[in-house]
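Trainee: Sharing a structure below in structure tokens format, with a few things to ask.
The values are calculated or read from the model by the stated rules, or taken from the named source; none is laboratory data. The model shown is predicted, which means the values in this text are computed figures rather than measured ones. Here the Cβ positions follow ideal geometry from the backbone for every residue, glycine too, while neighbour counts run over all protein chains shown. Ligands, DNA and RNA are excluded from the accessible area calculation, which covers all protein heavy atoms including side chains. Shrake-Rupley method; radii C 1.70, N 1.55, O 1.52, S 1.80 Å.
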Amino acid sequence: MAATAAASAAASLACRHDGHHSIFPSFSVHPPEPSRLFLSKALPKPYPFLCDNYPIAASSHRCMLPLTPHAALVDPSHAFLSADEDKPRDECGVVGIIGDPDAAQLCSLALHALQHRGQEGAGIVSSDGSSLHSATGLGLVSEVFSDPGTLAPLVGEASIGHVRYSTAGAASSLANVQPFVAGYRFGKLAVAHNGNLVNYRNLRSALESKGSIFNSSSDTEVILHLIATSSSRPLLARIVEACEALEGAYSLVFLTANKLFAVRDPHGFRPLVMGRRRPTGAIVFASETCALDLINAAFVREVNPGEVVVVDSRDMSITSLCLMPSKSRKACVFEHVYFALPNSVVFGHPVHSSRYSFGAALARESPAPSADIVIPVPDSGFFAALGFAEASGLPFRQGLIRSHYVGRTFIEPDKEGRNLAVKLKLAPVRGILEGKSVVVVDDSIVRGTTSSKIVQLIKTAGGAREVHMRIASPPIVGSCYYGVDTPSSEELISNRMDVEGVRQEIGCESLAFLSLESLRGVFADEAHMFCDACFTRDYPVPPRNQEIEQLVEV
Ligand code: SF4
């Protein structure tokens with residue numbers, strides 16, 4: 001009876017959690033096993049406890065988390081650059097798998113599928129039911145796990161994984177490569193995080209003043225310290241308590257000896273989906289559905305904003321709880337503009353379809369009737385260019401070829417280096433471009449440095465007569481504080497000048513951006529559930545680190 005009541009309480013909680021739709025249509029909340037009744041005792045009565053704000057219990061004990069791996073700095077005076085250097089960069093992708101004997105191997109494959117979300121480091125932590133095993137490294141997934149001997153020690157039926165970018169200016173450091181593994185009073189815990197905490201600095205400063213010692217410069221470590229210093233039990237309550245102190249964006253996966261937790265912040269800035277693998281029935285969490293596809297996992301549903309899903313490897317029971325009161329959903333629209341792979345379904349919308357619609361809307365509002373052909377800036381401009389071409393009736397051509405073999409180019413991160421990186425990555429097809437008036441469709445313009453090089457390439461090496469740039473998103477005027485590495489506002493070209501100024505700077509015959517109204521129009525009545533702050537400066541969660549930084553400096 002108690003188990004049934006707890007299950008129905010959880011289901012009812014789930015239904016209260018999101019008033020927009022029935023959120024668990026194909027997902028059953030398993031009744032807790034007797035051994036898991038601690039949840040019923042500690043948490044369901046406290047479902048209001050879970051969903052109400054409450055103060056973090058004061059902790060006076062000193063906390064020093066032994067994070068692995070330890071710092072191993074590489075030379076920060078060089079940088080890997082590519083033609084994508086002038087794009088916002090998503091800082092991470094996460095994966096979690098539980099209930100499969102090949103968990104770590106599958107995790108590495110899923111990380112391959114998420115490689116576009118982070119190329120600076122990768123790591124996997126597995127659990128064999130009693131211990132955690134970790135392997136992390138700098139570089140691509142294929143580099144970190146090229147030696148089968150690296151994966152071999154990652155035994156067990158559960159694992160979490162991570163790919164990352166560093167923030168701008170941060171040195172490449174093994175200490176910052178996730179998942180982090182930490183020991184606390186009741187065992188070991190691993191975490192992988194996609195997102196960015198806007199109150200990281202004041203949380204860290206408060207923890208340091210109580211004696212916490214940090215091993216990395218990552219905001220994710222703050223989460224581990226909050227969990228370790230919590231006086232709540234069980235671990236789920238500690239995680240909930242820690243997350244209630246966080247502000248900003250976080251899609252998280254945690255791994256203990258026998259449980260996997262998936263958590264998404266109350267606004268749902270960054271994506272996190274759940275799938276079930278055939279034929280083992282393993283549960284998979286991943287930043288994008290493309291990772292599910294690669295390992296034969298069927299999409300089940302999103303982890304909902306403000307939700308924590310717990311899977312217990314001992315009986316594969318699944319529990320879903322409300323992390324905190326639901327806030328307005330603010331999914332990152334830039335996932336659809338640029339970050340996510342076009343074969344992914346993100347926030348319930350196929351990415352290729354959104355991009356096609358952006359391009360088609362752009363053609364309707366800013367046509368280029370005198371042009372001869374439409375070409376994309378590969379790869380991210382492809383579907384928008386297709387939409388533009390079909391809506392405008394102009395022929396679609398592949399006028400720029402992207403080299404997929406250059407990878408990251410080890411060159412000095414100065415202006416000349418950036419120019420070379422663009423030339424190495426993109427080659428014009430003269431036979432297509434020569435003498436033509438060309439519509440060039442790109443997904444976005446950040447600093448404008450890459451766009452001007454592309455225009456130059458198409459005109460000089462390609463021989464095009466005219467270049468009409470069409471950008472399938474509005475002008476970027478604000479930095480992102482929710483897990484996307486964008487330059488400072490001063491560096492954003494559309495923050496410094498109007499459209500005509502940008503046109504002159506990049507040297508094309510005409511330039512047009514997709515309007516904000518058209519961008520929102522693609523998502524129709526769901527538009528208010530997307531964050532578009534980098535186009536509007538309308539930040540759903542106010543950035544606070546800068547103010548704190550200034551205070552510290554004073
Ligand atoms: Fe995404 Fe822009 Fe919002 Fe950042 S500010 S979460 S990049 S839409």
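Trainee: At 7 Å along Cα-to-Cβ for each site, give me the label-to-label distance between Lys327 and Ala298 in nm.
Mentor: 3.5 nm
Trainee: On to the next question. Note down the net charge around Leu323, summing +1 for each Lys or Arg and -1 for each Asp or Glu among other residues with Cβ under 9 Å from its Cβ.
Mentor: Counting the neighbours of Leu323, the net charge comes to -2.
Trainee: Let me ask another. Using DSSP to call loops (not H, G, I, E or B), can you name the trypsin sites (Lys or Arg not before Pro) in segment 285-378 whose Cβ has at most 16 other Cβ atoms within 10 angstrom?
Mentor: Arg314, Lys327
Trainee: Once neighbouring chains are kept in place and the probe is 1.4 Å, which whole percent of the accessible area of segment 89-327 is contributed by carbon and sulfur?
Mentor: Answer for segment 89-327: carbon and sulfur cover 49 percent of the accessible area.
Trainee: What do you get when you divide the Cα radius of gyration of segment 89-327 by 2.2 N^0.38 Å, with N the number of residues?
Mentor: Taking N as the residue count of segment 89-327, the ratio is 0.91.
Trainee: If you don't mind, another one. Label-point separation (nm) for Val477 and Glu491, each offset 7 Å from Cα along Cα-to-Cβ?
Mentor: Inter-label distance under the simple model: 2.1 nm.
Trainee: I've got another one for you. Take the residue pairs Lys259/Lys330; Lys330/Lys425; Lys188/Lys259 and return only those whose Cα atoms are more than 22 Å apart. Don't jump to the answer; show the numbers that get you there.
Mentor: Values: Lys259/Lys330 28 Å; Lys330/Lys425 34 Å; Lys188/Lys259 11 Å.
Table pairs above 22 Å Cα-Cα are Lys259/Lys330; Lys330/Lys425.
Trainee: Considering only the other residues whose Cβ falls under 15 Å of the Cβ of Asp525, what net charge follows from Lys and Arg at +1 and Asp and Glu at -1?
Mentor: Details: positive: Arg329, Arg520; negative: Glu517, Glu526.
That sum, taken over residues with Cβ under 15 Å, equals 0.
Trainee: Here is a further query. Among residues other than Gly507 whose Cβ falls under 13 Å from its Cβ, what is the net charge (Lys/Arg +1, Asp/Glu -1)?
Mentor: With Lys, Arg at +1 and Asp, Glu at -1, the net is -1.
Trainee: Under 20 Å from the 7 Å Cα→Cβ point of Asp525, by amide nitrogen: which residues of segment 292-334?
Mentor: 328-331
Trainee: Hey, another quick one. If I stretch the segment between Val155 and Glu365 completely, what's the gain in nm (0.36 nm per residue apart, minus their alpha carbon distance), one decimal?
Mentor: 70.1 nm
Trainee: Considering the convex hull of the alpha carbon atoms of segment 442-487, report its projected area averaged over all viewing directions, in nm², one decimal.
Mentor: Orientation-averaged projected area of the Cα hull: 3.8 nm².
Trainee: Largest first, what is the accessible-area ranking of Phe254, Phe299 with a 1.4 Å probe?
Mentor: Phe299, Phe254
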